[in-house]
Amino acid sequence: MIDVIIPTCRSIEEVLPLVYEIQRTAGCEVNVIPTCQDASASINRNYGLDRATSDPLIMVDDDITGLPAGWVLRMVQVMEEYPNCQMASPQLMRPDGGFGIMTGGPRKGGTDCEVLRARELCTACIIIRNTGLRFDENFIGSGFEDNDYCRQLIERYPVAEFICIHNLRVIHRNEMKNQHGRFWDANQAYFRTKWQAK
């Protein structure tokens, strides 16, 4: 059974449609963990990680939809095929059909997996290994906690691979909750200070 964490500040009632969509499309038995904490993205992600036992495990943000049949099995397959992969993501798509923001700058489209040179991914819909690594809770709201987590992975696993699965596509509404204004400024400043010192 694969754990699927929904890191969200929304209520369980609000995310139930996504829970049902995950269960219906996964293609295997899954344990869905909606976090529903009135807290930052990092705190919600760690709340889910603390309750997950599968390895690997999946995280799906509450603004993801359009999950294709068998998507969990495909993501697990990629982790098995690439032993150095520490994080993989489907190709994120915008609701209008365009390509979504992926952070690590993968090429657009394609029919296979791409090992990203930038070694960074948006954590909107990811599979990761259950290593005990946690998100930095000094980030407020949301934003930059995913960039930081990728940096932590590279620091811990120097040969870590980050993969975009181009032939697996999901819709990311990219709502950017609690990410603008003071959240963005504070998180960007903290991120820069933290990693400039390393």
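Only the coordinates and a few stated rules stand behind these numbers; no lab work does. All figures in this text were calculated on a predicted structure; none of them were measured in a lab. Note: ideal-geometry Cβ built from the backbone for every residue, glycine included; neighbour counts use all protein chains shown.
Largest GNM mean-square fluctuation among CYS28, CYS36, CYS122, using the chain with Cα springs under 10 Å: CYS28. If I compute percent of Cα pairs over 25 Å apart from the structure I just sent, which labelled value in (1) 44; (2) 30; (3) 48 lines up? Recomputing percent of Cα pairs over 25 Å apart here picks out (2). As a rough footprinting exposure proxy, the listed residues HIS172, HIS166 were ranked by other beta carbons within 10 Å of their own, and the order from fewest upward is HIS166, HIS172.
May I ask for the distance between the Cα centers of region 122-194 and region 36-57, given as a whole number of Å? Value for the Cα centre distance between the two parts: 13 Å.
So which residue, out of PHE144, PHE183, PHE162, gets the largest mean-square fluctuation from a GNM of the chain using Cα contacts under 10 Å as springs? Of the options given, PHE183 has the highest mean-square fluctuation. A Gaussian network model of the chain, with springs between Cα atoms under 10 Å, assigns the largest mean-square fluctuation among ALA69, ALA124, ALA41 to ALA69.
Ranking ALA52, HIS172, TYR20 by Cα position along the charge dipole of region 2-188, where only Lys, Arg, Asp and Glu carry charges on their C-beta atoms, puts HIS172 farthest toward the positive end. Of all beta bridges that DSSP places with both ends in region 2-188, some 45 percent have antiparallel geometry.
With 0.36 nm allotted per residue and the present C-alpha distance subtracted, the GLU81-LYS194 stretch has 37.3 nm of extension available. Note on SER42, SER89, SER54: ascending count of other Cβ atoms within 10 Å places them as SER54, SER42, SER89, the fewest first. Listed by Cβ neighbour count within 10 Å, with the fewest neighbours leading, TRP184, TRP195 appear as TRP195, TRP184.
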